[in-house]
Amino acid sequence: MKVFHIHSNTLSMPTAINASFVDMRACMFRSILLVLVLLGFMAVLGLTSVAHAGTQHYQAPLDNVRWVASSKKRHCALTHDIPLYGRATFSQTAGEKLGFSMRVKRKATRTKDQAHLRSLPPEWKHQVSSVDLGEVAVIKGANPFQLKEDLSRRLLAELQKGMFPTFSYRDWADARDQVSVALPGIHIKEALDEFIGCLSALPTYKFSDFKLSLMHFAFGKHTIKAADRKRLDGVARYLRSDSAIQDNIQHLEISGHTDNVGRKRNNDKLGKRRSQAVKDYLTSKGVPASLFKLKTYGERRPKSTNRTDKGRASNRRVKLILFKKPMKDHHDDMSDSHSPMEK
């Protein structure tokens, strides 16, 4: 009987092959796991970048919308606060036109920006379409949105219908986010009624109200006093309130006067500085410089006696006179400004 001896080396080859196969599978598993980790990391980075390019929406909560009407002498306002963003204001001063402005907490930092304005229906008005109100300029600073009368009235009409006028633009930080700011047309009826009533009560101006103005000055000075600046503000508002008014004005004559203290030549120069100060103030308020005619009379045309302090104070003055263009059958009411609700 033959005995066969199997050498141990005969079994070592399959054992080594199996070990190598296990090692290979483990290596492939580690490689796949590494790839999955890298893909996941890249996905996280991708999601992060998408999150950065997001949206910002500002609007008062529907259960906390508040519109406030206020009135002062010759001024009406309708305001709405937007949490974390700023305040929206409709306003009009007697002699001026209705306007809208938005004062923001974070200033606009770029120039020549544009925003898109749409009137959007609330989510419960499914059958109502949005209204495209066009592009509006973004003004650098704390009051980026300043709308003129026509668009301001359109916004009020949209709010009255229960719509949500909404400004949309790229954010002012790095332009990555799309920003929207909505004015909710709810809980506004009472305040809007009060605001419209205030507008209706604003006084209208007539030519006779501003035909003649007198401003008085301290001794040796040409600085306009606060009370006289208010008068000149009224003149400027009247002239700006309607283009037809300026068309009917031939010129504004400004004459400077002094008391008789000092040399006549020096008083002539002082009278000129006083009349120039009034002109400069009115032009800074938007009155065209081409309308002015300046004169100085110095001490030569006293209004009162120069023998008393009171008389000399009366003589230190500037007289502003508005002259109409000569027209046949021209009446004062042709130069009157329209009432706010007729615009």
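The values are calculated or read from the model by the stated rules, or taken from the named source; none is laboratory data. Every value quoted in this text rests on a predicted model; they were computed, and no experiment measured them. Glycine also receives a Cβ, built like all others from the backbone with ideal geometry; neighbour counts cover every protein chain displayed.
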> Does any residue of the range 231-249 turn out to be touching a residue at least 24 places away in the same chain (Cβ under 8 Å), of a type in the set (Ser, Thr, Tyr) and under 23 Å from GLU299 (Cβ atoms)?
Replying inline: no
> What number of residues within the range 156-169 satisfy the criterion of being more than 17 Å from ASP63 (Cα to Cα), touching a residue at least 12 places away in the same chain (Cβ under 8 Å) and not in a loop (DSSP other than H, G, I, E, B)?
Replying inline: 8
> What residue, of ASP280, ASP259, ASP228, is under 27 Å from the mean Cα position of the chain (by Cα), at pLDDT 95 or above and in the same structural domain as ARG312 (by TED's automatic domain parsing)?
Replying inline: ASP280
> Just one of THR109, THR89, THR79, THR93 is hydroxyl-bearing (Ser, Thr, Tyr) and over 17 Å from GLU194 (Cα atoms); which is it?
Replying inline: THR109
> Would it be correct to say that VAL131 is under 16 Å from the mean Cα position of the chain (by Cα) and either without any contact (Cβ under 8 Å) to a residue 40 or more places away in the chain or surrounded by fewer than 16 Cβ atoms within 10 Å (Cβ to Cβ) (or both)?
Replying inline: no
> GLU149 versus (1) within 30 Å of LYS279 (Cα to Cα); (2) more than 25 Å from the chain's Cα centre (by Cα); (3) outside the structural domain of LYS325 (by TED's automatic domain parsing): which is the lone unmet condition?
Replying inline: (2)
>> So, restricting to strands (runs of 3 or more DSSP E) that lie completely within the range 210-321, which ones have at least 3 residues that are of a type in the set (Val, Ile, Thr)?
In response: none
>> For the range 123-151, give me each residue that is part of a loop (DSSP other than H, G, I, E, B) and under 19 Å from MET102 (Cα atoms).
In response: ILE139, LYS140, ALA142, ASN143, PRO144, LYS148
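Looking only at the range 97-147, filter to residues that are hydroxyl-bearing (Ser, Thr, Tyr) and out of contact with any strand residue (DSSP E or B) (no Cβ under 8 Å at 6 or more places or on another chain); which one of those is farthest from GLN56 (Cα to Cα)?
Per the criteria, the residue is SER129.
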> Given the residues ASP309, ASP336, ASP332, which is the only one that is surrounded by fewer than 14 Cβ atoms within 10 Å (Cβ to Cβ), in the same structural domain as GLY220 (by TED's automatic domain parsing), at pLDDT below 95 and of a type outside the set (Val, Ile, Thr)?
Replying inline: ASP332
> Is it true that some residue in the range 138-149 is among the acidic types (Asp, Glu) and over 16 Å from ILE196 (Cβ atoms)?
Replying inline: no
